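Chemist: Questions regarding the structure given below will be posed in turn.
The values are calculated or read from the model by the stated rules, or taken from the named source; none is laboratory data. Here the structure is a predicted model, which is why all the values come from computation and not from measurement. Cβ sites come from the backbone with ideal geometry, for glycine too, and all protein chains shown count toward neighbours.
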Amino acid sequence: MRLATWNVNSLSVRLPQVLDWLAAQSASGSPVDVLALQELKMTDDKFPAEAFAAAGYCAQWFGQKTYNGVALLSRTPATDVVKNIPGFDDDMARVITGTVDGVRVIGAYFPNGQEPGSEKFEYKMAWLKGLRQWIKNELLVHPKLVLMGDYNITFDELDMWDPVGLQDTIHCTEEERYHLRALIALGLHDSFRLFDQPPKSFSWWDYRDFGFKRNRGLRIDHILISTALKPLAQACVVDKLPRKNERPSDHAPVVLTLA
DNA sequence: ATGCCTCAGCTCCTGAGA
């Protein structure tokens with residue numbers, strides 16, 4: 001089973017690239033079974049369900065005008081679908097959850113936070129707390145659980161292109177990392193770090209200043225897996241190829257292979 | 001550095017992203 005997460009920064013713009021990427025994965029003999037998308041930036045009526053169906057994917061989606069919006073694509077239908085975080089009031093479309101082939105899959109677009117100390121940062125902290133309280137219960141009901149998406153948080157210096165210059169800036173603050181570690185403490189594992197990785201591995205690069213070409217990026221897209229799934233993990237990689245497209249998203253997909 | 005790109009929208013500028 002292969003699972004992936006990709007912040008596409010507008011599905012309207014990126015749809016052809018998503019379809020191409022899924023087709024290329026299938027053609028290579030290892031199709032992606034579940035793909036979580038973030039930043040659809042479209043209302044539900046605009047979601048291209050037919051295009052995904054033609055490509056062999058069922059879809060669940062939770063859109064919103066202009067910002068946010070998430071979707072879960074899967075080769076077999078997702079059941080018990082939940083939108084956003086139960087128990088946490090939110091007017092933004094950030095989370096979609098479903099059970100696929102016995103695995104509870106949560107796709108999430110974590111708040112950006114803008115700047116430490118800002119109102120948006122406080123919202124991010126509250127959201128992270130709400131997420132954790134819900135995940136804690138979800139793990140009890142669904143021991144086989146995957147939490148993947150755009151976390152907008154780095155774990156440590158390994159996830160930063162400039163650990164000194166970016167110290168305490170957004171995505172790299174101690175407060176944000178506290179919440180990330182608290183998720184790990186619930187019994188989740190950063191699947192990417194279960195394996196040897198190239199140095200300076202990132203999942204996002206700024207559009208400006210040739211960020212990708214100079215590999216000035218951050219690793220902020222993560223696939224966390226529960227302890228029950230950990231023995232099944234076989235590989236986790238960032239696929240940088242789509243970032244080399246002519247009009248790419250600023251994020252690259254992250255792909256996990258489970259036995 | 002109030003900058004640099006990219007995207008959506010009450011679109012020819014602004015807000016937000018990260």
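Chemist: List every residue pair whose Cβ atoms lie under 8 Å apart, where the two residues are 6 or more positions apart in sequence or sit on different chains, the first residue falls within segment A:105-122 and is closer than 16 Å to residue A:179 by Cα, and the second residue, located anywhere, is of a type in the set (Ser, Thr, Tyr) and not in a helix (DSSP H, G or I).
Modeler: Short answer, once both residue conditions are applied: A:108/A:151; A:110/A:151; A:116/A:169; A:116/A:173.
One line per residue, one yes/no per condition, for (1) of a type in the set (Lys, Arg); (2) in a helix (DSSP H, G or I); (3) closer than 18 Å to residue A:249 by Cα; (4) touching a helix residue (DSSP H, G or I) at 6+ places or on another chain (Cβ under 6 Å):
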{"site": "A:18", "(1), (2), (3), (4)": "no, yes, yes, no"}
{"site": "A:24", "(1), (2), (3), (4)": "no, yes, yes, no"}
{"site": "A:30", "(1), (2), (3), (4)": "no, no, no, no"}
{"site": "A:37", "(1), (2), (3), (4)": "no, no, yes, no"}
{"site": "A:51", "(1), (2), (3), (4)": "no, yes, no, no"}
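Chemist: If you don't mind, another one. Looking at A:202, A:192, can you tell me which residue is within 24 Å of residue A:8 (Cβ to Cβ), of a type in the set (Phe, Trp, Tyr) and part of a helix (DSSP H, G or I)? Explain how you work it out, then say what you get.
Modeler: On the way: A:202 fails: part of a helix (DSSP H, G or I).
After applying the criteria, what remains is A:192.
Chemist: Tell me, yes or no, whether segment A:126-135 has at least one residue that is modelled with pLDDT of 95 or more, under 15 Å from the mean Cα position of the chain (by Cα), crowded, with 16+ Cβ neighbours inside 10 Å and of a type outside the set (Phe, Trp, Tyr). Full working, then the answer.
Modeler: Step one: filter segment A:126-135 for residues modelled with pLDDT of 95 or more, giving A:126-135.
With under 15 Å from the mean Cα position of the chain (by Cα) added as a condition, the list becomes A:128, A:131.
Now narrow it down to the ones that are crowded, with 16+ Cβ neighbours inside 10 Å: A:128, A:131.
Those still in the list that are of a type outside the set (Phe, Trp, Tyr) too: A:128, A:131.
The answer is yes, given that some residue of segment A:126-135 is modelled with pLDDT of 95 or more, under 15 Å from the mean Cα position of the chain (by Cα), crowded, with 16+ Cβ neighbours inside 10 Å and of a type outside the set (Phe, Trp, Tyr).
Chemist: Considering every residue within segment A:235-251, establish whether at least one is farther than 28 Å from residue A:134 by Cα and β-branched (Val, Ile, Thr).
Modeler: no
Chemist: Say we look at segment A:166-205 and pick out the residues that are within 15 Å of DNA strand B (Cβ to nearest atom) and acidic (Asp, Glu); which of these is surrounded by the fewest Cβ atoms within 10 Å (Cβ to Cβ)?
Modeler: A:168
Chemist: Does segment A:30-54 hold any residues that are surrounded by 14 or more Cβ atoms within 10 Å (Cβ to Cβ) and away from DNA strand B (no atom under 16 Å from the Cβ), and which are they?
Modeler: Passing the criteria: A:31, A:32, A:33, A:34, A:35, A:49, A:52.
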